[in-house]
1. Name the long-range amide H neighbours of ASN153: under 5 Å, sequence gap of 5 or more, or other chain; modelled H, no Pro or chain starts.
2. How big is region 114-253 by Rg and Dmax over its Cα atoms, in Å?
3. Would you grab the residues whose amide H sits under 5 Å from the one on VAL177? Only those 5+ places off in sequence or on another chain, please, with H modelled 1.01 Å from N.
4. If packing is taken as the average number of other Cβ atoms within 10 Å across a peptide's residues, how do 227-235, 24-32 rank, most packed first?
5. Relative contact order (percent) for region 114-253, with alpha-carbon contacts under 8 angstrom and 6 or more residues of separation?
6. Taking a threshold of 22 Å on the Cα-Cα distance, which of the pairs LYS30/LYS104; LYS141/LYS185; LYS141/LYS193; LYS136/LYS193 fall above it?
7. What residues have an amide H closer than 5 Å to that of GLY222, excluding those fewer than 5 places away on the same chain, when H is modeled at 1.01 Å from N in the peptide plane?
8. Going Cα to Cα from LYS43, which aspartates and glutamates come in below 15 Å? Please leave out same-chain ones fewer than 8 positions away.
Amino acid sequence: NNAVASLEQSNYKVQLQPTGIHEFDEVFTKFNNLINRLRHEEKLRKDLVSDTSHELNTPLTTMIGQLTAMQEGKYPLTEERVAILKEQAERLAELVQQLNAYTKARMPVTSEPEEIHLRPFCEELMNHFPLELKQKGITVKLRIAEDSIIHANRDALQQILTNLMQNTLRYSQATEVTIEATAHKLLFSDNGKGVPSESLPYLFERFYRVDTSRSRATGGLGLGLAIVRELVESQGWAITAVAGHPGLTFVLTGDRQKSSFTPSSSAL
């Protein structure tokens, strides 16, 4: 009763102690596991609120400062200042959109995975970036067998690859991107400048930026790869970032036991 009362008051520190009676201990273990998950989720929620407040504060402070100065007659209302305010407002709108995408990515997947022919799927996806690829001078190579098949949620896979491509376009300074499929793995590589080795473990953290000043200039919010990780894990996969020479490679690994990620052929 005390444990349930503590749980009702959002006290997730309580733990039930074993009694030596198998039937009770089995239930107690499940209860403790539930408490641990709730405690973890509560920490994530608090961290997200804290991180979001910090990220929202930066553009809001700029906007309020500019508007106050113009209201007091210290700054004239010029096209340049209007452009600054518009840029900050757009940044806020993008942040809200990305936070919404991140929240959705963390929700349980309800739809069943489907059989996706990987090569035409990637070819169609790359057609979404013709202008950006041309402007950056990036060539995309697909090392994927014609009969490669992946079992996945289509929307999740599209968002994963889209975010990886957007990350490359924004930061990598690459001239070539390669998407390669092997048994149980999908590799997304570029030949750009890469990232420092000490940054690799943190790339998928919320709001993490390798270069803060550059991220501000390119519009990056530090949520794209966090969304990728949530979507990848929702599919029962894992993702790691590996330093290339040059460049950076993202390695998506499927669950062999569940066969959720099984291209039928090796890459060409």
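Every number in this text was worked out from the coordinates using simple rules, so none of it is lab data. Predicted, not measured: the structure shown is a model, and the values here were computed from it. All Cβ positions, even for glycine, are placed from backbone atoms using ideal geometry, and neighbour counts span all protein chains on display.
1. Those lying under 5 Å, H to H, from ASN153 are GLU114.
2. Over region 114-253's Cα set, Rg and Dmax evaluate to 14.3, 43 Å.
3. Excluding prolines and chain starts, which carry no amide H, the hits are THR139, VAL140, LYS141.
4. Working: 227-235: 21.3, 24-32: 13.4.
The packing order, highest mean first, is 227-235, 24-32.
5. Numbers: 232 pairs, mean separation 33.6, N = 140.
The normalised contact order for region 114-253 reaches 24 percent.
6. Values: LYS30/LYS104 27 Å; LYS141/LYS185 17 Å; LYS141/LYS193 18 Å; LYS136/LYS193 14 Å.
Pairs exceeding 22 Å: LYS30/LYS104.
7. Those qualifying (amide H under 5 Å, at least 5 residues apart or on another chain) number zero.
8. ASP51, GLU205
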